[in-house]
Amino acid sequence: MTLSYDPPKVAIPGTARLSFEPLKYVNQLSDAQPVRLAGTDCIVKPHVPLAAFTSFRVGGPAQWYVAPKQITELQASFEWAQSHDLSVTLLGAGSNLLISDRGLPGLVMSTRRLRQTQFDPELGQVTVGAGDPLPRLAWSAADRGWKGMEWAVGIPGTVGGAVVMNAGAHGGCVADYLVQARVLLPNGTTKVLTAQDLRYRYRTSALQGSNWLVTQATFQLQPGFDPVALTELTSQHHQHRRTTQPYHLPSCGSVFRNPIGYKAGWLIEQVGLKGYQIGNAQIAERHANFILNCGNAMAGDIFRLIRHAQQQVEQHWSLHLEPEVRILGDFQAVGI
Ligand SMILES: Cc1cc2nc3c(=O)[nH]c(=O)nc-3n(C[C@H](O)[C@H](O)[C@H](O)COP(=O)(O)OP(=O)(O)OC[C@H]3O[C@@H](n4cnc5c(N)ncnc54)[C@H](O)[C@@H]3O)c2cc1C
């Protein structure tokens, strides 16, 4: 199956550069009022701050924001955006996003209210809504004695975000368990895509950079295991991450993908950047592939830190660090 995409608007790897006049749209909004989408209970709100919806706790406002909870509301949201000629940005739990301090133009569509979990004991498959938290799926599968999702417990994203990012940890990843994902296209039609259609690679899928919205995903697990043992294993993974990674301050997890044969964190550590700080953003002491918001950091600080780490690693190792974090919005003002 061939997927069709919006042309990538990428200037630097991993950095989406949207073309809009910085701040202009925000000013245009000062009088904008919430809009109820025809035939639904769904409200589109103007000028909604996004920092609270990202794990970095940074980012300016969305021009418009909506959080639909069913397909008809999603379809109405896409239709509304198209009728107003607005771009659409999809948002899961925001745990892998760096959003510009200037915010995002167009409509930001959150999937966090798309929730539903169904275990099918005959097939050993679980179908989960895109907005369901991945850690909750890991705990509830273990609790039933269904083996497979223990690796996912420390990944603080939604199921939809995990499908798009091919999230993984402890030797497991979405690609190993996904049977199919249901997606909604901006024209209102739905498609069912298999793991093969999604062309999974390390932390990458064919859905990245598209605006095809994952509404639900089905995973193949193995029922019939001891729930106590699985819960214990899940707990161990959870504990391991809390002791080896800095979970005490806002971050996006690993900032960079590991280049082949190297760990990004190790490369950054070798160029002496552990603890290096710009504004209130810091390369973590505990794990150099994490950038922490130490309190009121700006997205611009984090962006500069990303560029600085890339430059230093490139200079010393002749290796390019590609951001895993999705960088959204206008960072031109940061001046790099
Ligand atoms: C402390 C911490 C630890 C982490 N550890 C790991 C780890 O071990 N392994 C790992 O892989 N990741 C890790 N991450 C990163 C992150 O949790 C994952 O990438 C996660 O899968 C992102 O899911 P999300 O719902 O937050 O997606 P978002 O960050 O909201 O979005 C990520 C991308 O997916 C798109 N998207 C989101 N939902 C949908 C949808 N329903 N349909 C279509 N597109 C969508 C967005 O547009 C965006 O391009 C960590 C993050 C943190 C903060």
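Just so it is clear, none of the values below were taken in a lab; they were calculated from the coordinates. Every value quoted in this text rests on a predicted model; they were computed, and no experiment measured them. Every residue, glycine among them, receives a Cβ derived from its backbone with ideal geometry; neighbour counts consider all protein chains shown.
For the range 43-55, the Karplus equation 6.51 cos²θ - 1.76 cosθ + 1.60, evaluated at θ = phi - 60°, returns couplings of 10, 9, 10, x, 6, 9, x, 9, 3, 5, 9, 10, 6 Hz by residue, with Gly and Pro reported as x.
Look at 251, 83 and count the other Cβ atoms within 10 Å of each Cβ; fewest to most, that gives 83, 251. Three principal axis extents describe the C-alpha atoms of the range 61-153; from largest down they are 47, 30, 14 Å.
Close amide H contacts of residue 254 (hydrogens built in the peptide plane, cut-off under 5 Å, sequence separation of 5 or more or a different chain): none are found.
Under 19 Å from a label point set 7 Å out along the Cα-to-Cβ vector of residue 244, the amide N atoms of the range 117-145 belong to 135. With each label modelled as a point 7 angstrom along the Cα→C-beta vector, the residue 38-residue 140 pair spans 3.6 nm.
In percent, rounded to a whole number, the relative contact order of the range 264-334 is 27, using alpha-carbon pairs under 8 Å and six or more apart. The label-point distance for residue 222 and residue 333, in a model that sets each label 7 Å from Cα toward Cβ, rounds to 5.3 nm. In the range 117-244 the Cα-Cα distances spread across 5 Å bins starting at 0 as 2, 12, 22, 24, 19, 12, 6, 2, 1, 0 percent of all pairs. Phi angles of the range 262-273 translate, via the Karplus equation with coefficients 6.51, -1.76, 1.60 and θ = phi - 60°, into HN-Hα couplings of 9, 9, 4, x, 5, 4, 5, 5, 5, 8, x, 9 Hz per residue; Gly and Pro are given as x.
Beta carbons within 10 angstrom, averaged per residue: use that to sort the peptides 163-171, 299-307, 218-226, highest first.
Numbers: 163-171: 20.9, 299-307: 23.3, 218-226: 16.3.
So the peptides 163-171, 299-307, 218-226, ranked by packing, come out 299-307, 163-171, 218-226.
When each of 84, 287, 238 is scored by the number of other beta-carbon atoms lying within 10 Å, the sequence from fewest to most is 84, 238, 287. Order these by the 10 Å Cβ neighbour count, fewest first: 234, 127. The fewest-first ordering by Cβ neighbours comes to 127, 234. Within the chain, helices built from complete DSSP H runs that reach 20 Å or longer along their own axis (Cα positions) and carry a mean Kyte-Doolittle hydropathy of -1.0 or higher are 299-317. Take the chain, compute every pairwise Cα distance, and split them into 20 Å bins from 0; I just need the percent in each bin. In order of increasing distance, the bins hold 31, 59, 11 percent.
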